[in-house]
Amino acid sequence: SISVGRMSLRDEISREGQFMRRFHELSVLRRSTPSFTLTWTTMHAIDPASPLWGWTPEALDKANALLVVSLSGLDETVSLPIHARHSYTPGEILWHHQFVDLFYETTNGDRFINFSHFHDVKPLD
């Protein structure tokens with residue numbers, strides 16, 4: 001089983017005028033998966049309930065924002081826990097893009113995953 005957590009960190013000024021580094025948890029559409037044998041894209045909906053709602057790339061940059069993604073689970077092959085964490089700055093975030101589909105179907109109907117496109121993205125239509 002694999003689970004993911006995501007957090008937004010940004011500089012803010014409190015109502016009392018105090019500087020603070022705020023942590024905002026980002027809800028995910030699917031927090032875990034029972035098996036990590038296929039691809040899994042974790043997503044956060046930016047809607048009125050999201051801490052990112054209304055923020056622009058420029059505003060996130062000015063607030064020294066970071067998006068932190070952490071992944072934890074169990075490597076079923078060797079039965080050992082795994083943990084990974086990565087932070088994304090506003091300059092690393094691609095707005096209005098989506099990942100390229102990794103699943104392909106051959107002419108005889110077999111499906112496979114083409115990992116050579118693992119990091120590829122394309123603009124949204």
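Listed values, structure above:
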item: Test: residue in the range 55-65 that is in contact with a His (Cβ under 8 Å, 6 or more places away or on another chain), surrounded by 13 or more Cβ atoms within 10 Å (Cβ to Cβ) and within 15 Å of E25 (Cβ to Cβ); result: no
item: Conditions (1) among the aliphatic types (A, V, I, L, M); (2) touching a Phe, Trp or Tyr at 6+ places or on another chain (Cβ under 9 Å); (3) outside any strand (DSSP E or B); number of the one not met by L52; result: (2)
item: Residue under evaluation L38, criteria (1) modelled with pLDDT under 90; (2) surrounded by 10 or more Cβ atoms within 10 Å (Cβ to Cβ); (3) in the same structural domain as M7 (by TED's automatic domain parsing); (4) not in a strand (DSSP E or B), criterion not met; result: (2)
item: Strands (runs of 3 or more DSSP E) fully within the range 66-125 counting 3 or more residues that are touching a Gly at 6+ places or on another chain (Cβ under 9 Å) and surrounded by 10 or more Cβ atoms within 10 Å (Cβ to Cβ); result: 66-75
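The values are calculated or read from the model by the stated rules, or taken from the named source; none is laboratory data. Quick caveat, the model's predicted, so the values are computed rather than measured. Neighbour counts are summed over all protein chains in view; Cβ atoms, including those assigned to glycine, are modelled from backbone coordinates with ideal geometry.
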